[in-house]
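I have placed the structure first, in the form of structure tokens, so that the comments after it can refer back to it.
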Amino acid sequence: MAILFTTSWSKDTGRWIPALKENLPDFEIVTYTRDGEPVDWDAIDYAIVWQPPPGILKQCKNLKAIFNMGAGVDGILANADLPENIPIVRLVDPCLTEGMVEYVVHWVLHFHRGFHVYRDYQAQNKWRPHWYPRPSDRRVGILGLGELGGACAKQLVQMGFDVAGWSRSQKNITGVDSFYGHDQFEPFLNRSQILVCLLPLTKETEGIIDKKALAALPEKSFLINAARGKHVVGDDLVAALDAGNPLAAALDVFDEEPLPADSPIWQHPKIIVTPHVASLTSPQTASAEIAKDIYLISEGKPPRHIVDMSRGY
Ligand code: NDP
Ligand code: OXD
């Protein structure tokens, strides 16, 4: 029994292989690289991939499932040679969720307490304390109330923030106002002083944070985007920041990654850049999750978290 493993530069092969071997000791792990050893494609039962090179998955005629090494599947679904009728399983991992909660809470607190202002003051040797509201008077809005958005919402509620979320279907999360569907998008934006994006990137969500959406935010708002760069129309965001609302943005993801060295985003005084690290996949915990699904399939059961191809997430 064999598993094909292939990843782009951004994931750490050296840490994945031992973790996979530990969790799936009965399997041979075959690492594909363009100039590596030839692969016996017919022997491959499962593929564990991140941005696989086009064409290779179609060669595996006996594939039972494809595991995406991250939560977002926009990359793999854009692969033109994806085999049909093979389940694609996305990563849902407590460690990934934990990392995202930390990232979102960090920036919510940063903006809530006005630390972005003190950064500027320090550069001017200025000592000027600011008042800040109680968390219950700060309205946070989370776009996407799935695995990650839902966990962030729950944590922020626990910290006393006034939290709402927007999703495709209605949610029932204690303390979280559920907005859903197209008609409730604008009312949701109208109340979101700190807007957090944790949507999957699909045809429906691409460019969703555009000029119109930004104009619907209340005064003195903030944006945190930890989902995908293409959710935000970059020029619209820069124009809105330059015009004064949102006051600032924390961006972890970009249209083009790595963010090009000559991008004006790097130097924008109201944008904080992190290099797609809101939450990093841990090879240890992710391998354990993937192994659980592989053993479910061996028992004739479906894996968890199969991507719904019609919805694109
Ligand atoms: P889920 O699939 O669990 O949740 C997605 C949420 O978005 C759901 O609540 C879903 O609604 C909602 N949604 C999807 N499409 C629409 C739509 N058209 N209108 C309204 N709501 C919609 O995803 P995760 O929470 O696991 O991950 C979210 C994203 O986070 C990933 O796709 C990835 O892009 C990003 N990510 C970023 C990382 C980073 O380091 N920056 C790390 C990991 C993930 P419903 O519940 O009704 O279906
Ligand atoms: C992602 C991930 O989808 O790293 O960005 O999981």
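Considering region 123-140 alone, what residues qualify as being out of contact with any helix residue (DSSP H, G or I) (no Cβ under 6 Å at 6 or more places or on another chain) and assigned to a loop (DSSP other than H, G, I, E, B)?
Residues satisfying the conditions are Q124, N125, K126, W127, P129, H130, W131, Y132, P133, R134.
With V108, V117 as the choices, which residue is among the aliphatic types (A, V, I, L, M), in the same structural domain as Q158 (by TED's automatic domain parsing), touching a Phe, Trp or Tyr at 6+ places or on another chain (Cβ under 8 Å) and over 30 Å from L20 (Cβ atoms)?
Within the list V108, V117, the selection yields V108.
Output yes when any residue across region 171-182 is more than 25 Å from N245 (Cβ to Cβ), surrounded by fewer than 16 Cβ atoms within 10 Å (Cβ to Cβ) and near ligand 1 (Cβ under 10 Å from one of its atoms), and no when none is.
Yes, the conditions are met somewhere in region 171-182.
Return the only residue of I224, I272 being outside any loop (DSSP other than H, G, I, E, B), within 16 Å of ligand 1 (Cβ to nearest atom) and within 15 Å of the chain's Cα centre (by Cα).
I224
Pick from A286, A249, A278: which is assigned to a helix (DSSP H, G or I) and crowded, with 20+ Cβ neighbours inside 10 Å?
None of the other options fit; the residue is A286.
Among what's in region 127-180 and is over 23 Å from V92 (Cβ atoms) and basic (K, R), pick the residue that is farthest from the chain's Cα centre (by Cα).
Once the filter is applied, the top-ranked residue is R128.
Return the total of residues in region 226-246 being farther than 13 Å from A213 by Cβ, more than 16 Å from ligand 2 (Cβ to nearest atom) and either surrounded by 14 or more Cβ atoms within 10 Å (Cβ to Cβ) or modelled with pLDDT under 95 (or both).
Selection size over region 226-246: 3.
Failed condition for K64, given (1) more than 16 Å from ligand 1 (Cβ to nearest atom); (2) within 21 Å of A288 (Cα to Cα); (3) buried (at least 18 other Cβ atoms within 10 Å of the Cβ), with all others met?
(3)
Does A71 count as out of contact with any Gly (no Cβ under 6 Å at 6 or more places or on another chain), within 12 Å of ligand 1 (Cβ to nearest atom) and closer than 14 Å to I48 by Cα?
Criteria met by A71.
Please tell me if L91 is in contact with a Ser or Thr (Cβ under 9 Å, 6 or more places away or on another chain) and modelled with pLDDT of 95 or more.
In short, yes.
Of all residues in region 278-313, how many are within 16 Å of ligand 1 (Cβ to nearest atom), within 30 Å of F27 (Cβ to Cβ) and either without any contact (Cβ under 8 Å) to a residue 60 or more places away in the chain or not acidic (D, E) (or both)?
17
Considering only region 227-241, state which residues are assigned to a helix (DSSP H, G or I) and in contact (Cβ under 8 Å) with a residue 12 or more places away in the chain.
G229, K230, H231, G234, D236, L237, V238, A239, A240, L241
With respect to S310, determine if the residue is in a helix (DSSP H, G or I) and under 28 Å from A78 (Cβ atoms).
Spelling it out, it is not the case that S310 is in a helix (DSSP H, G or I) and under 28 Å from A78 (Cβ atoms).
Is it the case that some residue within region 32-39 is away from ligand 2 (no atom under 16 Å from the Cβ), hydroxyl-bearing (S, T, Y) and over 18 Å from the mean Cα position of the chain (by Cα)?
yes
Just for region 212-221: of the residues that are part of a loop (DSSP other than H, G, I, E, B) and aliphatic (A, V, I, L, M), which one is surrounded by the most Cβ atoms within 10 Å (Cβ to Cβ)?
Among them, the one singled out is L217.
List pairs: first in region 165-177 and without any contact (Cβ under 8 Å) to a residue 12 or more places away in the chain and more than 11 Å from A153 (Cβ to Cβ), second part of a strand (DSSP E or B) and of a type in the set (G, A, S), Cβ under 6 Å, 6+ apart or cross-chain?
From region 165-177, the pairs are Q170/S178.
Quick one: count up the residues across region 60-113 that are charged (D, E, K, R), more than 10 Å from ligand 2 (Cβ to nearest atom) and closer than 16 Å to G150 by Cα.
2
The values are calculated or read from the model by the stated rules, or taken from the named source; none is laboratory data. Every value quoted in this text rests on a predicted model; they were computed, and no experiment measured them. Using ideal geometry, Cβ is built from the backbone for each residue, glycine included, and neighbour counts are taken over all protein chains shown.
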